Amino acid sequence: MSPEIHSAHPRRGVMLVLSSPSGAGKTTITRRLLDSDSNVTVSISATTRAARPGEKDGEHYFFVDQKTFEGFIEQGSLLEYARVFDHYYGTPRPAVEDALRAGKDVLFDIDWQGTQQLRDQAPKDLVSIFILPPSVVELERRLRARGQDSEDVIARRMGKNADEVRHWVEYDYVIVNHDLEDSVRQVRTILEAERLKRVRRPDLRPFVDGLLEDF
């Protein structure tokens, strides 16, 4: 008799990357996905910068000193890392690997450089999505609507955004964020399809073998 497909961990998880220029809606889409899907967890980075008020070690970041972080680099225990404004940021490999083996999908909020590193380290696990704004005018409007940045900061962000957008072609999927609800739906659709890929379903082999025995 053919075995049923039921397992505590029926598939390997997905490393889901969301990247976008600043203001395109990535953060809001990320929150919606985390709030609506208990099987998605967010990747927690390690950093050498000091914790800010309200930040907790192991929840917002893993806060480590520079010597420890450089040890992570030497040991190859980071999936990706970068140095930003005199501080290191990186993704610890063990926590992500444990989640993937447990069938959890790990969400990454990183730029194109981090995405390239993840692709080099784990190409079979990676699913990358780039979020585009409907127009440059709308992108700048959204940045101003935040009310958080000065004119100089907005100008710098827009300059960096142009560089980010140039890397759109390096991603598996591209979503133009005309409408937030529609964009969230598209991300969910992509994730559901990727979860069903044969390479992520180790339970299928014994199931199919059982089917063949019944012929």
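Read-outs: derived from the displayed coordinates by stated rules, not from any lab. The shown structure was predicted, so the numbers you read here are calculated from the model rather than taken from an experiment. Cβ sites come from the backbone with ideal geometry, for glycine too, and all protein chains shown count toward neighbours.
Points to keep in mind about this one:
- Test result for THR91, surrounded by 13 or more Cβ atoms within 10 Å (Cβ to Cβ), under 24 Å from ALA46 (Cβ atoms), among the β-branched types (Val, Ile, Thr) and touching a helix residue (DSSP H, G or I) at 6+ places or on another chain (Cβ under 8 Å): yes
- Taking first residues from segment 166-191 that are touching a residue at least 24 places away in the same chain (Cβ under 8 Å) and part of a helix (DSSP H, G or I) and partners that are buried (at least 19 other Cβ atoms within 10 Å of the Cβ) and of a type in the set (Asp, Glu), the Cβ contacts under 9 Å between residues at least 6 apart in sequence or on separate chains come to LEU191/ASP105.
- Residue list for segment 56-68, restricted to those being in a loop (DSSP other than H, G, I, E, B) and either surrounded by 13 or more Cβ atoms within 10 Å (Cβ to Cβ) or in contact with a Leu (Cβ under 7 Å, 6 or more places away or on another chain) (or both): HIS60, VAL64
- Matching entry among GLY71, GLY114 (being farther than 23 Å from GLU192 by Cα, touching an Asp or Glu at 6+ places or on another chain (Cβ under 6 Å) and part of a helix (DSSP H, G or I)): GLY114
- Applying the condition of being among the acidic types (Asp, Glu) and in contact with a strand residue (DSSP E or B) (Cβ under 8 Å, 6 or more places away or on another chain) to segment 167-215 and asking which residue is surrounded by the most Cβ atoms within 10 Å (Cβ to Cβ) yields GLU194.
- So SER77, is it among the polar types (S, T, N, Q) and under 22 Å from VAL174 (Cβ atoms): no
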